[in-house]
Structure formats: structure tokens, C-alpha cells
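Notes follow once the structure below has been shown.
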Amino acid sequence: MQKMAFKDFIVLQRGFDLPKREMCDGPYPVVGSTSVIGFHNEYKIEPPGVVTGRSGSLGFVQYITTRYWPHNTSLWVKDFKGNIPGYVYYYLKTLNLQRFNSGAGVPTLNRNDLDTLEISIHTVEAQHKIAAILSAYDDQIENNQRRIKIMEEIAQNLYREWFVKFRFPGYEKAKMIVSSLGMIPEGWEVKRFTDVISVLSGGTPKTSVSEYWNGAIRWFTPRDIGNSFYVTSTERMITKEGLEHCSSKLYPPDTVFITARGTVGKCVITAEDMAMSQTSYALVGHDGITQFFVYLLSLNLVDILKKNATGAVFDTIIVDTFSKLDIITPSPELLKDFTDIVSPTFIMMKLLIYANKNLIRTRDLLLPKLISGEIDVSDLDIRVEEAT
């Protein structure tokens, strides 16, 4: 590995000003400090691109594969100086860039503070191999995420087709009858939401009592909602004592959690046993109402719940919001058929989510070892593409 100053490795450049009001909807992503913040009809940079935060949020690094507009809250790599873009991306992820914060109020990364930093980098040949190894993990993670999204869309579309549009198997022969919610198939019923789905509360142990925290029980709050509808991990863990000193139960897998304060109506399913804070409700179906049906039903009720939210400071839904809500429930036979069809899909999505967790864990273990040279790649026979 070769030692050099950071300024001889790459050149970072401040992004371009583009106020939200001036964004014109188009195909090109506007890349901010941690994510794509919008789309524009013009671009500034050709791919591949590597972008990190300059103002607000520091340390997050993004790899861009399309033409893009780097926002002024970001720094983008203007000159790779002959280094492999994929390698540069992974290298920057190991530098802990937030430690170079020079802002008194808003966190700010001054690229000049990095220029004299002494670093060690690999040969271009080794850079290709390292980028190929790590990108293989990221490619599989992204592929799994696409599969999960497609399968969830299939489940949602099937729900809407059967239970919103009433185009279920055999619907052509079904007799429609009058109900308080309009015409519904014969054998279906209009019921109060809380008559078939229990709405259960959470709670919050005292944060000042250390014995309540850092335990083995997952503690859900809205901050734990990520890209996946299944929640597999949480930011905080509580102890058995902490659970006993609050009103939350320990809910089993496949319980539906719905956020009730601030951001109302975000729905997730628990993948493991979890307790939850008082900012959410747990929805548990009974009388033959399955959890997958509860989840898909809840997604279709979000707009109604938001419309009926109260609160002077922030939106809030309460148990009474659900108890005043009427829903259409299908015949038990049709509900069973639907559950038999969607259950394997949900099981596969959960397996892919756990597969991604393992891929991420392995990639994150390999990353610093590869970049530091602790794992030697010189003898590895890896086919790489020039664009890696």
C-alpha cells in the first residue's frame, strides 16, 4: 500500500445551489448530504459519482450510478486521480468523516481539513478487486430489496383487487347487497374496527432508571421504521424489569404496529418479540382476521386515520379513532383463501430481510479489513470490470 496525503488521493468539490422551489421535476437525482432530496430536469455530473455530506449531516457516503446534481449540502468527488470510483466510495466510508466537523452550530465538513490527512491506499489492481468484493454484497442487498418491494406490491394489489374492488375469485356470480358502506358482496359484513381487531397500547419506562435499559427485549419506537415493512431490530433494548414497569406488553412476531403521534399511520410488522413505546398502537386481529390482512387493511386506512387525527401541537390518533371506524369484512372462507395465498409471500419477504441483515453484517466486517490491508487481496483471482 502507498502512503500519501488525502489531496493526492481525490479532489472533493462543494455541490451546487438548488433551492427546493427551483427544482423542476425530471429524471436526474439531486443528491444531498445523506440521500436523494429530489429530482431535476438538469444534471451537473456524469456517473459514476461519490458524494458525502458537507453541511448538516456528516459521514454518510453515497455511490451514484446515474447523471446527477450534487446539492450544495454535499461534497462530490471532482477528480478521482486515477483511483477506482468504487474503491474511493468504500474508502471514504471507513474514514469516519464526521470527526472533521468544523462547524460551531450546524455540523460542517471543510474539505481543506482533509487535504493534509495521511492515508494509505492500494494499487489500482487491488482497488478493482476490493471494489468487486464489496460491491457483490451491495448488489445482492439491492437485488433482495427490489424483490421485497415487488412482492409487497403484489400482496397490496391482491388485497385491493379482492377487498376494495370486489374482484375476488367467483365475483361474477356473487350477489351484491346494500350496507351502510355501500354495496357489498353477500356473506360479507360491515363491522366496527375494534370488534374484530384489538387496539393495544404501549408505554415508556423511566429513561432515568438505568436498570430498565440495555436489556434483551427489543423496544420499538417510530425511529425504528426503515425501508422494510418488517421490523427486525430496534434502536433500544429494555430489560424485563423495564417492561414490567410500563403498560406495554411483549408482542409476538407478526403483530402490526401503527404510529399514533406526530407521523400518523406508518404501519410495520414485527419480525420478533417486541415491546413498544406509547407513540404507537399494536393491532391484533381476532374472529378469523389474520395479521397479514390486518396489515394490508391498515395500509388502506391511513388516509382516513390521518383525516380523523386530532391534536393541537401534532397529529394524534387514539383508541376512540379506531372504535368509530367501520370496515368491511369478507366471508371467512374467502379470508382463509387470501391468507393461504399471501402467507408464503410474507414469509419469503421476511427471509430476504434477514438475508440482507446477514449480508450487511458480513460486508461491514470485511470493509475495514480490506481497506486497511489486513486482508490481502493480491493473490485472489477475481474478474473485474473496468467500470467497477
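Cβ-to-Cβ counts within 10 Å put Tyr91, Tyr295, Tyr137, Tyr354 in ascending order as Tyr354, Tyr137, Tyr91, Tyr295, the fewest first. Projected onto the charge dipole of the chain (+1 at Lys/Arg Cβ, -1 at Asp/Glu Cβ, origin at the Cα centre), which of Ala355, Gln13, Val313 gives the Cα projection farthest towards the positive end? Result: Val313, furthest along the dipole toward the positive end. Peptide packing for 31-43, 312-324 was compared via the average number of neighbouring C-beta atoms within 10 Å per residue; ordered from the highest value, the list is 31-43, 312-324. Computed over the chain, the quotient of the alpha carbon radius of gyration and 2.2 N^0.38 Å is 1.20. When the convex hull of its Cα atoms is viewed from all sides, the stretch 2-121 shows a mean projected area of 7.0 nm².
Evaluating 6.51 cos²θ - 1.76 cosθ + 1.60 at θ = phi - 60° for every residue in the stretch 280-297, the Karplus couplings come out as 9, 10, 9, 10, 10, x, 9, 6, x, 7, 7, 5, 5, 5, 4, 4, 5, 4 Hz, glycine and proline recorded as x.
When +1 charges are put on Lys and Arg Cβ atoms and -1 charges on Asp and Glu Cβ atoms, the dipole computed for the stretch 125-276 relative to its Cα centre reaches about 500 debye.
Non-local lysine pairs in the stretch 2-121, meaning eight or more places apart or on different chains, with alpha-carbon distances under 18 Å, amount to 7. Ranking Leu325, Ile341, Asn227 by Cα position along the charge dipole of the chain, where only Lys, Arg, Asp and Glu carry charges on their C-beta atoms, puts Leu325 farthest toward the positive end. Around the Cα centre of the stretch 189-329, unit charges on the Cβ atoms of Lys, Arg, Asp and Glu (plus for the first two, minus for the last two) sum to a dipole of about 340 debye.
The charge dipole of the chain, taken about its Cα centre with unit charges on the Cβ of Lys, Arg, Asp and Glu (plus for the first two, minus for the last two), comes to roughly 700 debye.
Considering only Ser33, Pro47, Leu95, and ranking their Cα positions along the charge dipole of the stretch 2-121 that arises from unit charges at the beta-carbon of Lys, Arg, Asp and Glu, the one farthest toward the positive end is Leu95.
Per-residue Cβ neighbour counts within 10 Å put Arg67, Arg111 in the sequence Arg67, Arg111, beginning with the fewest.
Values quoted throughout were computed directly from the atomic coordinates according to the rules given, and no laboratory measurement underlies them. Please read these numbers as outputs of a predicted model, since none were measured by experiment. Quick reminder, even Gly has a Cβ in these numbers, built from the backbone with ideal geometry, and neighbours come from all protein chains shown.
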